[in-house]
Amino acid sequence: MVKVLEQATGGSVSRGLAAAVAVLLVVIHSACHDESSSGGGGPTFELGDPIQGLSAAESAAFERGRALFEKRFRPSEGLGPLYNATSCASCHSTPRTGGSSGLYRNFYIAHRQFAGIQSPLPDLIGPIVPAFGTPPHGSATFGLEGGRFVIPKNAFGQPVLVAQRNTVPIFGVGLFELVSNATIQSNADPEDADGDGISGRFNTDGGPIGRFGVKAQSNNIERFTRAPLQNQMGITSNAFLGAGGIVSASPRPQATGGDLPTSDADGVPDPEISTADLGDLIAFTRFLAPPRRKPFDDAARRGEELFGDLGCVKCHVPSLPSSRGPVDAYTDLLLHEMGPDLSDGIDFGLPQFAFSSAAGSRDEFRTQPLWGVSMHAPFLHDGRAETLSEAIELHGGEAETIRDDFLALTPAERADIIAFLEHL
Ligand SMILES: [Ca+2]
Ligand SMILES: [Ca+2]
Ligand SMILES: [Ca+2]
């Protein structure tokens with residue numbers, strides 16, 4: 001059986017991260033704050049550029065990181081034994097490196113459900129189901145059909161829940177590390193004490209307050225780099241700052257707590273990415289600047305007002321303060337119940353590695369940031385919405401009343417809201 005180590009971290013962020021953030025803060029404090037508060041570069045800024053104010057060493061790490069993000073790993077370099085893609089940029093590619101991708105890149109997640117508890121399929125360490133590779137010997141999980149894995153309807157007699165994920169863009173997400181726990185907590189209203197129908201909660205299913213992933217299941221960029229390395233590409237790694245580990249002779253990839261080494265037995269010595277390279281990869285995501293909004297026209301200005309009046313801003317909070325100034329991402333980084341249609345029934349426990357917790361995030365999703373949103377069709381966690389309008393129409397649960405108010409607008413007013421979104 002897969003073994004999962006609970007990992008006890010407290011405070012706003014993990015200790016390793018705290019050190020890294022401290023370094024970043026020094027950089028930021030010496031950096032100039034331009035008017036575009038979200039940290040995009042100077043007048044020549046292009047999507048894909050780093051945030052401003054990096055030192056020469058950090059810029060170099062960012063560029064090396066971009067090359068690693070685009071690098072296609074080969075089996076001889078550790079790709080697999082199970083994988084969905086050969087590089088990060090296989091998925092994070094549209095409109096350029098760091099972005100999203102079409103439905104064809106969707107991957108599957110699955111959990112066995114038994115007596116209210118969810119756990120990964122046999123032979124997997126988390127909910128992410130790889131599409132390619134060589135199943136471990138004697139696999140109870142997978143058959144191959146036309147070179148692709150087949151997800152069983154039952155495993156060990158337990159029903160299997162299946163859902164999909166569509167790539168979300170990562171421009172600017174590094175800034176979420178710099179939003180304080182207190183800020184995130186201040187917008188939460190888990191019992192809806194103010195009675196407005198909106199009851200966001202922060203995700204502590206994985207320990208510290210989550211910020212990353214569509215269920216806010218992960219708390220820092222290092223973990224959300226090591227997890228896709230492992231889960232999407234089969235590339236093992238050691239934590240950037242090092243930690244004690246699990247040694248196993250099992251042919252299966254081994255589950256670990258968020259900061260422990262990952263290992264597999266594909267014949268390529270672990271870790272399959274050097275610590276220096278991992279640091280560069282983390283630097284790329286951490287320093288990648290957010291998209292820049294376009295100058296608003298009248299329609300966008302009217303749409304912005306309607307977006308506020310309707311109450312979209314109750315979840316899509318326009319701006320969160322951070323240690324490097326306002327982060328204009330239009331998210332509260334909280335989980336919201338989005339109703340039975342959007343619900344995928346899947347819990348995320350420890351960040352992408354693990355078993356679920358009792359708290360459960362089954363019908364909940366993190367308010368998806370809206371900066372740069374028009375570049376990222378299709379929309380919603382599984383890409384089921386082709387247009388921005390469809391994405392809004394599919395809001396349910398806590399957002400149902402506000403969604404109905406949107407539908408009750410005149411066509412011209414709805415068009416103004418879309419125009420506003422297209423300018424972010
Ligand atoms: Ca490997
Ligand atoms: Ca409320
Ligand atoms: Ca290996």
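The values are calculated or read from the model by the stated rules, or taken from the named source; none is laboratory data. Treat the numbers as computed from the prediction; the structure is a model and nothing was measured. All Cβ positions, glycine included, derive from the backbone under ideal geometry; neighbour counts span all protein chains shown.
Taking Gly397 as the residue in question, decide whether it is among the small types (Gly, Ala, Ser) and at pLDDT below 95. No, not satisfied.
Checking the stated criteria, Ile273 turns out to be within 13 Å of ligand 3 (Cβ to nearest atom) and either under 22 Å from the mean Cα position of the chain (by Cα) or at pLDDT below 95 (or both).
Determine, yes or no, whether Ile209 is among the β-branched types (Val, Ile, Thr), away from ligand 2 (no atom under 16 Å from the Cβ) and at pLDDT 90 or above. The answer is no for Ile209. When you look at Thr262, is it within 30 Å of Ala60 (Cβ to Cβ), at pLDDT below 95 and within 15 Å of ligand 3 (Cβ to nearest atom), yes or no? The answer is yes for Thr262. For region 221-240, taking the residues that are assigned to a loop (DSSP other than H, G, I, E, B) and over 10 Å from the mean Cα position of the chain (by Cα), the one that is modelled with the lowest pLDDT is identified as Phe240. Considered as a group, the residues in region 156-194 that are charged (D, E, K, R) and within 16 Å of ligand 2 (Cβ to nearest atom) include one that is nearest to the chain's Cα centre (by Cα), and that residue is Asp189.
Residues that are at pLDDT 85 or above and surrounded by fewer than 18 Cβ atoms within 10 Å (Cβ to Cβ) within region 108-126 comprise just one, Tyr108. Going by the conditions given, is Ile282 touching a Gly at 6+ places or on another chain (Cβ under 8 Å) and either within 16 Å of ligand 2 (Cβ to nearest atom) or outside any helix (DSSP H, G or I) (or both)? Spelling it out, it is not the case that Ile282 is touching a Gly at 6+ places or on another chain (Cβ under 8 Å) and either within 16 Å of ligand 2 (Cβ to nearest atom) or outside any helix (DSSP H, G or I) (or both). Here Gly267, Gly308, Gly257 are screened, and the one residue that is away from ligand 2 (no atom under 16 Å from the Cβ), modelled with pLDDT of 95 or more and out of contact with any Lys or Arg (no Cβ under 7 Å at 6 or more places or on another chain) is Gly308.
For region 112-136, the set of residues classified as within 29 Å of Trp371 (Cα to Cα) and assigned to a loop (DSSP other than H, G, I, E, B) consists of Pro127 only.
Summed over region 64-99, residues that are more than 14 Å from Gln230 (Cβ to Cβ) and more than 16 Å from ligand 3 (Cβ to nearest atom) total 21. Within region 300-312, the set of residues being surrounded by 16 or more Cβ atoms within 10 Å (Cβ to Cβ) and either within 28 Å of Asp49 (Cβ to Cβ) or touching a strand residue (DSSP E or B) at 6+ places or on another chain (Cβ under 8 Å) (or both) comprises Ala300, Gly303, Glu304, Phe307. The residue that is nearest to Ile282 (Cα to Cα), counting only those in region 88-111 that are in contact with a helix residue (DSSP H, G or I) (Cβ under 6 Å, 6 or more places away or on another chain) and not in a helix (DSSP H, G or I), is Thr97.
Pairs linking a residue in region 265-289 that is closer than 22 Å to Ala60 by Cβ and hydrophobic (A, V, I, L, M, F, W, C) to a residue that is within 15 Å of ligand 3 (Cβ to nearest atom) and in a loop (DSSP other than H, G, I, E, B), with Cβ atoms under 6 Å and 6 or more positions apart or on different chains, are Ile273/Ile235; Ile273/Ser237; Leu278/Ser237. Annotation note: of Pro295, Pro290, the sole residue that is modelled with pLDDT of 95 or more, part of a loop (DSSP other than H, G, I, E, B), surrounded by 20 or more Cβ atoms within 10 Å (Cβ to Cβ) and away from ligand 3 (no atom under 16 Å from the Cβ) is Pro290.
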